[in-house]
Amino acid sequence: MVFLYILDILLFIIFALNILYLTFFSIASLFRFETKTQKSKADKKIAILIPAYKEDGVIMECVCSCIAQNYPPEKFDVVVISDRMSGRTNQELQRMSLILVEVFFENSTKAKALNYAMEQIGSQYDIALILDADNIVSPNFLQQINDRFHSENVHIVQAHRCAKNINTPLALLDAISEEINNSIFRKGHAVLGLSAALIGSGMCFDYQLFKNAMLQIDAVGGFDRALEINLLRGGYHVYYMPNSHVLDEKVQHKDDFSRQRKRWLSAQIHYLCRSVKYVPAAIKNCQVDFLDKMFQQISIPRVMLLGFSVIIASIVSIFSNAASIKWWLIVILLYLALSLAIPRKMYRRNLFTAIIRLPYFFFLVVFNLFKLKGANKKFIHTSHGIKE
């Protein structure tokens with residue numbers, strides 16, 4: 001019984017810390033913050049870098065949204081990095097106002113593609129904007145980015161990535177998850193003056209900083225995590241632009257969901273193991289942003305937190321109603337925190353239909369825990385293309 005008591009307390013502390021962290025930043029996200037953006041006097045030259053691995057089905061829509069910018073044409077280049085796309089797609093791209101960089105790696109990664117492309121296009125740019133091939137941006141997006149970089153202390157900006165499709169219950173759940181991340185890990189952090197989390201696309205960097213930083217990245221999966229950790233260690237701050245939207249395709253089917261979450265789990269564990277050695281120095285130097293990121297790395301993935309907290313509370317209730325009260329309280333707190341982080345516009349009729357499938361997706365994520373071996377040593381591709 002003593003062992004069970006200690007186990008109960010230990011698990012409760014772990015889960016409570018995770019849930020209190022989410023609650024704290026979820027509440028912070030309810031407050032407004034000023035981005036201090038003003039009209040820039042100069043038009044910086046921007047390279048829009050789009051790694052495209054077998055993305056024939058979505059690349060044209062992305063490219064067209066980039067070309068149609070209300071920004072001086074001579075001040076930006078759209079750079080498509082074509083990796084294993086068809087000859088027909090490449091020919092269509094060659095006829096458009098963009099730079100096509102064709103690559104073929106035995107083992108493809110975004111880091112390799114981006115580094116090769118920057119070697120080809122040179123260093124005559126001020127800003128690097130990274131998009132995924134399934135992204136869409138508004139005509140004023142580049143102008144918004146240019147204005148945000150008017151200040152000399154702004155080197156990294158994360159735009160607000162949101163769903164361009166909610167055509168299946170899974171896509172809606174993925175869209176909700178994205179917005180919860182935006183609220184907690186971006187807006188909530190920005191309100192309190194902390195770095196927003198990078199997300200892999202809709203990321204903007206001082207071009208030379210990005211080019212130099214990418215030379216240190218050898219990631220197979222989760223290059224954005226590796227890049228973010230290195231930049232935070234270097235003392236750089238990530239700013240957030242909540243009103244600059246990048247539409248991103250959400251996963252629609254369980255196979256894509258399973259592959260995506262497997263990639264994310266693997267990257268989280270991999271970069272935690274690689275970065276934990278820097279924690280003592282970060283504590284000594286008061287690198288709050290880096291330490292915050294490391295806490296995120298050791299945190300329980302949210303779907304697992306949702307599932308296991310209810311399971312443990314139910315099990316404890318069988319043995320002791322008194323001991324279970326604290327568990328049910330943090331379960332309620334967790335659901336309240338996540339509810340606050342969901343934008344009001346996403347509370348719609350089909351939300352309930354999506355939520356009742358959460359247990360199924362919880363078990364998909366748990367099952368992936370047993371399939372992580374070697375996952376970070378190979379590129380795991382998520383196919384794109386909205387299916388009706």
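With TYR236, TYR278 as the choices, which residue is open to solvent by 20 Å² or more (accessible area, probe 1.4 Å) and assigned to a loop (DSSP other than H, G, I, E, B)?
Sole residue among the options that is open to solvent by 20 Å² or more (accessible area, probe 1.4 Å) and assigned to a loop (DSSP other than H, G, I, E, B): TYR236.
How many of the residues in segment 44-55 are modelled with pLDDT under 95 and not in a strand (DSSP E or B)?
Matching residues across segment 44-55 total 2.
Answer yes if at least one residue in segment 27-43 is in a helix (DSSP H, G or I), open to solvent by 20 Å² or more (accessible area, probe 1.4 Å) and modelled with pLDDT of 95 or more, and no otherwise.
Within segment 27-43, one or more residues are in a helix (DSSP H, G or I), open to solvent by 20 Å² or more (accessible area, probe 1.4 Å) and modelled with pLDDT of 95 or more.
Rundown of residues vs (1) in contact (Cβ under 8 Å) with a residue 24 or more places away in the chain; (2) touching a Leu at 6+ places or on another chain (Cβ under 9 Å); (3) of a type in the set (Val, Ile, Thr), yes/no style:
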| residue | (1), (2), (3) |
| --- | --- |
| ILE176 | yes, yes, yes |
| ILE199 | yes, no, yes |
| ASP206 | yes, no, no |
| ASP218 | yes, no, no |
| ALA226 | yes, no, no |
| GLY235 | yes, no, no |
| VAL246 | yes, yes, yes |
| GLN252 | yes, yes, no |
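Identify the residue in segment 177-212 that is under 15 Å from SER123 (Cα atoms) and open to solvent by less than 20 Å² (accessible area, probe 1.4 Å) and, among all such residues, is farthest from the chain's Cα centre (by Cα).
By that ranking, first place goes to TYR207.
Quick one: PHE290 ticks every box in (1) in contact (Cβ under 8 Å) with a residue 40 or more places away in the chain; (2) open to solvent by less than 40 Å² (accessible area, probe 1.4 Å); (3) farther than 24 Å from LYS110 by Cβ; (4) assigned to a helix (DSSP H, G or I) except a single one, so which number is it?
Among (1) in contact (Cβ under 8 Å) with a residue 40 or more places away in the chain; (2) open to solvent by less than 40 Å² (accessible area, probe 1.4 Å); (3) farther than 24 Å from LYS110 by Cβ; (4) assigned to a helix (DSSP H, G or I), PHE290 violates only (3).
Looking only at segment 140-153, how many residues end up being open to solvent by 10 Å² or more (accessible area, probe 1.4 Å) and under 22 Å from PHE185 (Cα atoms)?
Result for segment 140-153: 4.
Got a sec? Which of LEU100, LEU131 is under 15 Å from GLU55 (Cβ atoms) and open to solvent by 20 Å² or more (accessible area, probe 1.4 Å)?
LEU100 is the lone residue from the list that is under 15 Å from GLU55 (Cβ atoms) and open to solvent by 20 Å² or more (accessible area, probe 1.4 Å).
Given the condition within 25 Å of TYR125 (Cβ to Cβ), part of a loop (DSSP other than H, G, I, E, B), at pLDDT below 95 and open to solvent by 10 Å² or more (accessible area, probe 1.4 Å), answer yes or no: does some residue in segment 225-233 qualify?
No, every residue in segment 225-233 fails to be within 25 Å of TYR125 (Cβ to Cβ), part of a loop (DSSP other than H, G, I, E, B), at pLDDT below 95 and open to solvent by 10 Å² or more (accessible area, probe 1.4 Å).
Which of the residues belonging to segment 329-366 are open to solvent by 50 Å² or more (accessible area, probe 1.4 Å), in a helix (DSSP H, G or I) and β-branched (Val, Ile, Thr)?
If the condition is that a residue be open to solvent by 50 Å² or more (accessible area, probe 1.4 Å), in a helix (DSSP H, G or I) and β-branched (Val, Ile, Thr), then ILE332, THR353, ILE355 are the ones that fit.
Can you tell me which of (1) farther than 30 Å from SER320 by Cα; (2) surrounded by 14 or more Cβ atoms within 10 Å (Cβ to Cβ) is the one GLU74 doesn't meet?
Here GLU74 clears every test but (2).
Six or more apart or on different chains, Cβ under 6 Å: which pairs go from a residue in segment 104-131 that's touching a residue at least 60 places away in the same chain (Cβ under 8 Å) and at negative phi to one that's open to solvent by 20 Å² or more (accessible area, probe 1.4 Å) and part of a loop (DSSP other than H, G, I, E, B)? Could you list them?
Close Cβ pairs (under 6 Å, with a partner that is open to solvent by 20 Å² or more (accessible area, probe 1.4 Å) and part of a loop (DSSP other than H, G, I, E, B)) amount to SER108/PHE379; THR109/VAL220; THR109/PHE379; TYR125/LYS45; ASP126/LYS44; ASP126/LYS45; ILE127/LYS44.
The values are calculated or read from the model by the stated rules, or taken from the named source; none is laboratory data. The model shown is predicted, which means the values in this text are computed figures rather than measured ones. With ideal geometry, Cβ positions are generated from the backbone for all residues, glycine too; neighbour counts draw on all protein chains shown. These accessible areas exclude ligands, DNA and RNA; they are computed on the full protein's heavy atoms, side chains included. Shrake-Rupley method; radii C 1.70, N 1.55, O 1.52, S 1.80 Å.
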